[in-house]
Each structure stands twice: as structure tokens, then as C-alpha cells.
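Following: one structure in C-alpha cells, then a few remarks.
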Amino acid sequence: MPNQTTILAQHGLIKADTATWTDWQTIDSHRDKRFSFPLEWKQIQQILTDHPTLRPYLYLSTGLDGLVLLDVETGETANAQPLIFDTLSNKNNTMFQMVEQYIRRWNETTPTKTLIQQGRTDEAKQQIDHATALAPTALMELIYQLVPWKELNDRQYQRMTALNVRKNEEYPSRQFDRHLVKLLQQTKPCIGGEGALEKTFDKPITVYRGEIDKSVHMGLSWTSNLEVAEKFAGRFGRQGTIWKTVLEPEKILAAYADDGEHEVLAIVSENTVNNVREFS
């Protein structure tokens with residue numbers, strides 16, 4: 001399983017500590033320009049000193065989106081600032097006190113691993129669900145990796161959580177997808193009960209994939225709806241390619257029941273696809 005640093009690098013995330021001081025210099029260089037950051041480095045240092053299980057993360061891939069504090073014991077996250085302020089403000093004490101108060105209650109939260117060891121698995125699952133549901137999309141995969149899955153020993157629940165995380169991650173890492181494929185192959189679809197996460201098929205289905213970047217050609221994500229594929233092929237003003245293939249039921253790793261994108265996960269061979277449309 002990859003370490004946290006690897007996952008962060010794959011997602012354009014940078015750990016914000018003294019080892020990456022240049023990140024904070026970047027923030028300081030923007031502080032007196034267009035952007036204002038409610039917390040200063042000395043305030044963040046104080047929070048980290050008071051709460052040793054916290055880790056700060058900067059999401060930089062889209063231009064200093066913001067700072068997130070993560071509790072590695074529970075997966076709890078908090079935006080330490082409301083992303084980026086467009087108006088300059090030096091009144092940081094109120095924001096600092098609010099963040100401190102919010103995080104202080106984490107000290108009273110039992111770590112997920114401890115809950116599992118104590119046999120309180122229902123509480124552990126509630127904690128995991130809460131952490132992944134409220135996490136910034138850029139950190140959902142990292143929070144998933146923090147869960148002590150071996151100790152929990154519930155592969156079906158892990159399948160459900162992994163599929164939910166992948167659904168909400170804009171760009172899941174290749175490492176995550178490799179683990180996901182193995183997990184899906186070893187578990188059964190989550191189809192029971194009201195609002196089931198997955199659906200299954202008993203006959204072949206036609207699926208499509210819209211791409212704007214051939215470097216990810218033949219990725220896991222397909223859709224049974226051509227219009228959805230067309231939207232993905234035309235994202236960001238680009239003109240991409242739409243591929244088509246027919247999947248036998250046994251080739252389908254998972255299919256989301258009601259996600260609006262009719263997404264199907266499958267490993268597709270290059271020689272089984274047809275080019276529906278390639279824009280010039």
C-alpha cells in the first residue's frame with residue numbers, strides 16, 4: 001500500500017510542514033496581493049503543537065485552493081480557512097479561535113483503530129462514513145487509506161466505501177485503481193436493500209468512454225449512456241474521442257446503480273473497442 005506522501009504526490013497535494021517551507025513562502029508572497037489567508041504559519045504551528053495527530057495539507061494543483069487539517073487517527077478534516085479570501089483582512093484571531101475550538105473536540109474522539117479493537121465496529125463504521133463523506137474530494141482517497149481495513153475485516157463494507165470514494169474523486173490514482181480492481185474481483189456487488197450502491201446485469205451491455213487525454217486511454221470508467229460519454233469528450237472546451245465496446249456480464253467489475261453518469265467499471269482490451277467519434 002502506498003505511503004501518504006506518494007498518494008499526495010499523485011493528487012497534486014503537498015504536505016505543508018517545515019520540510020516544504022517553500023509552500024509557505026508561496027502563501028506569504030500572495031498574502032499582500034490578491035489573496036488573503038486567515039491563518040498565519042505561526043498560528044498553524046501552535047495548532048499542530050497542541051494537537052500532535054493533526055497533519056496540514058495544501059491543495060495546490062488548481063492554484064492555492066486552501067489548507068486542510070487532517071486527523072490521522074480518525075480521518076476527520078477541517079478547512080482551516082474558507083478556501084481563499086478575495087478581500088484582504090488581517091483580523092485572524094477569530095478564525096484561529098474557531099478552528100482551534102473545532103479541532104479541540106477531536107481530542108475527545110476515539111481513534112478508529114481503538115474502536116475496532118474494542119469490538120465497537122458499528123461506531124467505527126459510522127466514524128469512517130462521516131470522515132469520507134465530509135472530506136474534501138482531493139483528500140478522500142488519502143482518508144480511505146488511513147482506515148485499518150485488515151483489523152476491521154469486512155471486505156463488503158470496504159468495497160462499498162472504496163466505490164463511494166472513487167465516485168467522488170475527480171482523478172483517482174493508478175495505485176488506488178489497482179487496489180480497487182483486486183477488491184472488486186474478490187467481493188460481491190453491494191445490491192441489497194433500498195438505495196443500493198450497485199446494479200448487476202444478466203446480459204451483455206454496450207458502454208462508451210469519452211476521452212480528452214489518450215494517456216488514460218482504456219481507463220476503468222465507462223458509461224452505458226452515449227450522451228454522458230459525449231460530455232466527457234467535450235470537457236474544458238476540448239474535442240476528444242468517444243470509444244464503444246460491448247461487455248459481457250462477467251467482465252463488469254462494478255456498475256453504479258443511480259449516479260447520474262451510468263458509470264460502469266471494467267478492464268477493457270484495446271482490440272475490443274470501436275472508435276465512435278474522433279474529433280479533428
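Odds and ends about this structure:
- Members of segment 128-142 that are crowded, with 21+ Cβ neighbours inside 10 Å and either over 19 Å from K113 (Cα atoms) or not hydroxyl-bearing (S, T, Y) (or both): I128, A131, A135, A138, L139, M140, E141, L142
- Residue match in segment 208-222 (condition: loosely packed, with under 13 Cβ neighbours inside 10 Å and modelled with pLDDT of 85 or more): no
- Filter result (out of contact with any Lys or Arg (no Cβ under 9 Å at 6 or more places or on another chain) and among the aromatic types (F, W, Y)) within segment 236-280: F236
- Residues that are of a type in the set (D, E) and either touching a Pro at 6+ places or on another chain (Cβ under 7 Å) or modelled with pLDDT of 85 or more (or both), drawn from segment 246-280: E248, E250, E261, E263
- Qualifying residue in segment 98-108 (condition: surrounded by 14 or more Cβ atoms within 10 Å (Cβ to Cβ), under 22 Å from the mean Cα position of the chain (by Cα) and either of a type in the set (K, R) or not in a helix (DSSP H, G or I) (or both)): no
- Test: residue in segment 151-164 that is in the same structural domain as N79 (by TED's automatic domain parsing), polar (S, T, N, Q), modelled with pLDDT of 95 or more and part of a loop (DSSP other than H, G, I, E, B): yes
- Flag if E170 is in the same structural domain as L70 (by TED's automatic domain parsing) and either part of a helix (DSSP H, G or I) or in contact with a Gly (Cβ under 9 Å, 6 or more places away or on another chain) (or both): no
- Summed over segment 224-261, residues that are charged (D, E, K, R) and buried (at least 20 other Cβ atoms within 10 Å of the Cβ) total 0.
- For segment 143-168, the candidate set comprises residues that are of a type in the set (D, E, K, R) and surrounded by fewer than 19 Cβ atoms within 10 Å (Cβ to Cβ); within that set, the residue that is nearest to E263 (Cα to Cα) is K167.
- Per-region count, segment 163-209, residues under 17 Å from E250 (Cα atoms) and touching a Phe, Trp or Tyr at 6+ places or on another chain (Cβ under 6 Å): 1
The values are calculated or read from the model by the stated rules, or taken from the named source; none is laboratory data. These figures come from a predicted structure and were not determined experimentally. All Cβ positions, glycine included, derive from the backbone under ideal geometry; neighbour counts span all protein chains shown.
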